[in-house]
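Down below is the structure, laid out as structure tokens.
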Amino acid sequence: MSVPTVARIAALIDHTILKAEATRSDIEMLCAEAREFDFASVCVNPVWVPLCHDLLSGAASMVATVVAFPLGASEPAAKANETSLAVSEGADELDMVAAIGHIKSGDWSHVSRDIAAVVAAAAGRTVKVIIESAVLTDDEITRVSIIARDAGANFVKTSTGFHAAGGATLHAVSLIGKAVGDATGVKASGGIRDCDAALRMVAAGATRIGTSSGVRIARCLDADATPLGELVKHPERHTACATSRVRSASA
């Protein structure tokens, strides 16, 4: 079981809005909330990176953006170019979608080159590799996680949250964590809408949580008098929960 080294769940949350219809006002609110709660980052589509960079100047929260989102079906050179542009505009973290079709084809050389291209273009910034775990076998999850780690990625991330097959599961988070060990982070993303799901993902090994429900989760959990580490070990102790407890994670 993973026990967080931070005191507040907000420090593990990538406060996310990736829907196509997000407006400038939506992004401004996202950044204002990030400043208020000190989320790990805001995660936005690339077109909003310059605005977030300006709005979060001096704040604790990083600016994260996505690469080849949500399909991952771009050439490695295109992903590298997208990464370079995002970095030049102020991105601190890059959440790239891996070459899912090549994973399913067993073309591991391409998968490795694809990730390495983004890591190189990121020039030292944090890279998270989205593997769309719901469409992969256990062997594929394990293998691509090891490849991502060896290619220099900082995190392996479960899901885009946009695939019909589903988002993060406790099983996938645990598999990724076992594959990469302690040196590489695990980001659980997709369908995490309440405190119970967030706590159980952290217990399974997630070191970062991607969610659009960050405000509700942080406001609720970080107001609990029970230390976060204890809540991760015993989610049932979070009895006065204000979130909706949507069944968003499977065992």
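The single residue among 144, 127 that is of a type in the set (Val, Ile, Thr), in contact (Cβ under 8 Å) with a residue 12 or more places away in the chain and either under 18 Å from residue 77 (Cβ atoms) or surrounded by fewer than 22 Cβ atoms within 10 Å (Cβ to Cβ) (or both) turns out to be 127.
Contact map, segment 6-35: first residue farther than 22 Å from residue 70 by Cβ, second residue at pLDDT below 95 and among the charged types (D, E, K, R), Cβ cut-off under 8 Å, separation 6 or more or different chains; pairs are 8/222; 9/222; 10/222.
Determine whether residue 225 is out of contact with any Leu (no Cβ under 7 Å at 6 or more places or on another chain) and under 14 Å from residue 12 (Cβ atoms). Answer is no for this residue. Only a single item in (1) over 19 Å from residue 162 (Cα atoms); (2) in contact with a Lys or Arg (Cβ under 8 Å, 6 or more places away or on another chain) is not met by residue 80, and it is number (2). Summed over segment 59-75, the residues that are in contact (Cβ under 8 Å) with a residue 40 or more places away in the chain, on the phi < 0 side of the Ramachandran plot, crowded, with 18+ Cβ neighbours inside 10 Å and out of contact with any Asp or Glu (no Cβ under 7 Å at 6 or more places or on another chain) give a count of 1.
Scanning segment 187-224 for residues that are in contact with a Pro (Cβ under 9 Å, 6 or more places away or on another chain) and over 12 Å from residue 243 (Cβ atoms), we see that the one that is surrounded by the most Cβ atoms within 10 Å (Cβ to Cβ) is 202.
When restricted to residues that are surrounded by 24 or more Cβ atoms within 10 Å (Cβ to Cβ), over 18 Å from the mean Cα position of the chain (by Cα) and in contact (Cβ under 8 Å) with a residue 40 or more places away in the chain, segment 80-113 contains 1.
The values are calculated or read from the model by the stated rules, or taken from the named source; none is laboratory data. Here the structure is a predicted model, which is why all the values come from computation and not from measurement. Note that we place each Cβ from the backbone using ideal geometry, even for glycine, and neighbour counts take in every protein chain shown.
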